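Structure provided below as structure tokens; questions to follow.
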Amino acid sequence: MHEYTIPLSRRVPQRLADELSKRMFFVSEAIESFELVEESADGTTAVGAVRIAARAPLDEAAMQHLLDRLVSEEIVPQRSVKAHRIWRSGQSATTHDDTFESMIDQGLAIGSGEGQFGFAEPFLGLISHLDVVFRTAAQRSFGAPERRYPGLIATEVLARSGYLASFPQFLMFAGRLHGELDSYKAFVDQVSRPAPAEHAGAAMSRALAVHSTHAGYTLSPAVCYHVYEQQAGTGLDTDLVSVTARGTCFRHESRYHRSLERLWEFTMREVVFIGSEARVLEARSSFMHEVFAIVEELGLAGHAETASDPFFCRAGAAESIWTQRLMELKYELLLPVAGGRSVAAASFNAHGTSLGEAFSISTPDGEVAHTGCVAFGLERLAYAFVCQHGLDPADWPDPVRRALADTRL
Ligand code: 5GP
Ligand code: ZN
């Protein structure tokens, strides 16, 4: 391993150290691991350098240039907004620190690649139960019909929604081979040569660079974009349309994947609201408080506070983060898990008219529709649940045990 200490031209204040950490692996794939180096000067402590480990030798000047750009364009412009805590569970948490390792040992979570897992009972049943609980709440309160959407989404839809330009680091595109006989033959010939183990790496990349094309679709990073696309170009006939759907979502989390806390592939339950500003905001708020009550009934400790999305690379990314926090456009439900950490198990989002405009959706009054969505990360929810209640269903709250027993009948 090659190690470097790269000085930063602009020191990063401590309050933004986490924002820097969250983006480091997206600066360059050459970075194998990193550590922020804090320095004290003029009575303040700030990040003055980054220690980097790389597998191959690095061009230090080029790396410093990349880091300086990241810091000056994406980190330092982030203005300070104090998190607004809007709820705290009455339950207190003791977390089991070995939960993930025990899940692997017991075969409850089966590693299937970077940030990817298969699951077995009783964890699977728990994921389904938590999904049913929140889906049922959405159906009861809003009559939200259940939908099922594909795992692929047209790349054009992600472009139209702004996702493509805001979160390029997460995208996982679907490719396919050129649809010509000669191309298939040449591809087969090229991939027949290396040993099978090389097929995931450089040899396959070389073959695909020549023989493949973008399929026009991307592995969907969220469920709700399907809903806006479906409503595109329509005038709503009521003040509030709500839909709920569960789907598999994909986000390339680089080296940030960790246990079940951060995955490349995960399952999301979404409840989507489209309508007038007042109805959408009211729906987000009332559903959010319903969710908090359910979380408490599930015996879970946690809290909810204002949050922002990891906008990246786009002009104005820092501004978007600031606006989101200041206007309270995103709240996250944070649940304690092993290791003294917390994960965002759900988010409650208001998008203003940006998606209504992008997809030409109007309210019965002829105004541009507002949209909002509530998204649950089911693996994260279930993982926080077992971190707090343990892996043995005998220790789970009675209503959960009863529901799981009923579904097994
Ligand atoms: P958001 O669109 O707010 O980023 O994500 C919605 C929800 O999806 C999050 O609150 C979280 O529960 C889940 N989620 C987002 N990214 C990941 C991830 O990398 N891994 C897992 N397990 N869940 C995620
Ligand atoms: Zn959404």
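The values are calculated or read from the model by the stated rules, or taken from the named source; none is laboratory data. Quick caveat: nothing in here was measured; it's all calculated off a predicted structure. Note: ideal-geometry Cβ built from the backbone for every residue, glycine included; neighbour counts use all protein chains shown. Just so you know, the surface numbers come from the protein's heavy atoms only, side chains and all, with ligands and any DNA or RNA stripped out. Shrake-Rupley method; radii C 1.70, N 1.55, O 1.52, S 1.80 Å.
Please go through the range 203-235 and give me each residue that is away from ligand 2 (no atom under 14 Å from the Cβ) and buried (at least 19 other Cβ atoms within 10 Å of the Cβ), ordered by number.
Filtering the range 203-235 down to residues away from ligand 2 (no atom under 14 Å from the Cβ) leaves 203-219, 232-235.
Scanning the range 203-235 gives Ala207, His211, Tyr217, Thr218, Leu219.
Here's another thing I want to ask about it. Given the options Glu367, Glu379, name the one that is more than 14 Å from ligand 1 (Cβ to nearest atom), modelled with pLDDT of 95 or more and closer than 30 Å to Gln230 by Cα.
On the way: Glu379 fails: more than 14 Å from ligand 1 (Cβ to nearest atom).
Just a single option satisfies the conditions, and that option is Glu367.
Just checking: which of the strands (runs of 3 or more DSSP E) contained wholly in the range 98-211 hold 3 or more residues that are under 30 Å from Ala358 (Cα atoms)?
Here the list reads 152-154, 173-177.
Can you work out which of the residues in the range 354-364 that are more than 16 Å from ligand 1 (Cβ to nearest atom) and touching a residue at least 60 places away in the same chain (Cβ under 8 Å) is farthest from the chain's Cα centre (by Cα)? I'd like the intermediate steps shown before the answer.
Taking the range 354-364 and keeping what is more than 16 Å from ligand 1 (Cβ to nearest atom), we get 356-364.
When the remaining residues are screened for being touching a residue at least 60 places away in the same chain (Cβ under 8 Å), the result is 356, 358-364.
Details: Gly356: 22, Ala358: 22, Phe359: 23, Ser360: 26, Ile361: 26, Ser362: 28, Thr363: 29, Pro364: 33 Å.
Looking at residues that are more than 16 Å from ligand 1 (Cβ to nearest atom) and touching a residue at least 60 places away in the same chain (Cβ under 8 Å), I get Pro364.
State whether the residues of the range 308-317 include one that is assigned to a helix (DSSP H, G or I) and in contact (Cβ under 8 Å) with a residue 24 or more places away in the chain.
As a first pass, look at the range 308-317 and keep what is assigned to a helix (DSSP H, G or I): 317.
Those left that are additionally in contact (Cβ under 8 Å) with a residue 24 or more places away in the chain: 317.
Yes, some residue in the range 308-317 is assigned to a helix (DSSP H, G or I) and in contact (Cβ under 8 Å) with a residue 24 or more places away in the chain.
Condition first: open to solvent by 30 Å² or more (accessible area, probe 1.4 Å), away from ligand 2 (no atom under 15 Å from the Cβ), not in a loop (DSSP other than H, G, I, E, B) and not charged (D, E, K, R). Now tell me which residues in the range 360-409 satisfy that.
Correct list: Ser362, Val368, His389, Pro393, Ala394, Pro399, Ala405, Thr407.
Mind checking which residues of the range 98-119 are within 23 Å of the chain's Cα centre (by Cα) and farther than 30 Å from Cys313 by Cβ? Working first, answer last.
As a first pass, look at the range 98-119 and keep what is within 23 Å of the chain's Cα centre (by Cα): 99-101, 103-104, 108-119.
Listed by number, the residues that qualify are Thr99, Phe100, Glu101, Met103, Ile104, Leu108, Ala109, Ile110, Gly111, Gly118, Phe119.
What tally of residues in the range 260-269 results from selecting those that are open to solvent by 20 Å² or more (accessible area, probe 1.4 Å) and either in a loop (DSSP other than H, G, I, E, B) or away from ligand 2 (no atom under 16 Å from the Cβ) (or both)? If you could, list the steps in order and put the result at the bottom.
As a first pass, look at the range 260-269 and keep what is open to solvent by 20 Å² or more (accessible area, probe 1.4 Å): 262, 264-267.
Imposing the further condition that a residue be either in a loop (DSSP other than H, G, I, E, B) or away from ligand 2 (no atom under 16 Å from the Cβ) (or both) reduces the set to 262, 264-265.
The total comes to 3.
Another question, then. If I ask for residues that are open to solvent by less than 30 Å² (accessible area, probe 1.4 Å) and either under 21 Å from Thr136 (Cα atoms) or in contact with a helix residue (DSSP H, G or I) (Cβ under 6 Å, 6 or more places away or on another chain) (or both), which ones from the range 303-313 would you list?
Thr306, Ser308, Phe311, Phe312
Filter the range 321-359 down to residues that are open to solvent by less than 30 Å² (accessible area, probe 1.4 Å) and modelled with pLDDT under 95, then give me how many there are.
2
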